[in-house]
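Written out below as structure tokens is the structure these notes cover.
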Amino acid sequence: MMKLTTLLFLTLFSLGVQADGKFAFINAKLLLEQSPQAIAANDQLKAQFGEREQSLRKLAQEIQQMEKTYQTDGAIMSADQKKKAEENIIQNKRRFQFEQQSLKEDLQNRQRELLQEVQVALKDVIQAYGTKHGYDFIFTDTSIAFASSSVNVTQEILKELQK
């Protein structure tokens, strides 16, 4: 969609069409980092996945301790004790990898859902702002080679998002 908008914009100017429209741009990255909606989404992720991350860290520390104990006490362990210790370490490493992958997938899915919600909210506010202030186009900064800071409406959009 962004490429189509940029292409249309460039086509208008390359054909010599004089557009008397009102243009502006926004810093999309800044809006996604600083909008209250994005901050709330990040807080929600931390609350939802913080306990699982902490549990995973604890398991990693336990595995490290098992390995350390095995290295220091391995010389005095019987063959049966060594085998049990090795199996325990391997089993816990597998569990860690499974839980880590599961957490990663769950986190990515939830991030995608929340990002989509934030993007919808941003789009609604940007469209309302553009309509209210008579803009014909509001571009994101990633599709613009140059723009005067006077047409940057990012801070105004942030203010609208904070309402």
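A short reminder: the numbers here are calculations on the coordinates, not readings from a lab. Everything numeric in this text was worked out from a predicted model, so none of it was measured.
General remarks:
- Of all the options THR72, THR131, THR140, the one that moves most in a Gaussian network model of the chain with Cα springs shorter than 10 angstrom is THR72.
- Which labelled figure in (i) 1.40; (ii) 1.30; (iii) 1.17 is Rg/Rh (Cα atoms, Kirkwood Rh), once derived from the coordinates: (ii)
- Gaussian network model of the chain, Cα within-10 Å springs - most flexible of ILE76, ILE138, ILE26: ILE76
- Part-to-part distance (alpha-carbon centres) for the range 21-50 and the range 54-117, which is given in Å: 33 Å
- Structure remark: mean-square fluctuation, Gaussian network model of the chain, C-alpha springs under 10 Å; the largest value among ALA79, ALA41, ALA147 belongs to ALA79.
- Pairs of Lys residues in the range 21-161, spaced 8 or more positions apart or belonging to different chains, with C-alpha separations under 22 angstrom: 23 in total.
- Computed helical MRE - 222 nm, the chain, DSSP H runs ≥ 4 contributing -39500 (n - 2.57), nearest 500: -26000 deg cm²/dmol
- Cut-off under 5 Å, modelled amide H: who pairs with THR140 long-range: ILE26
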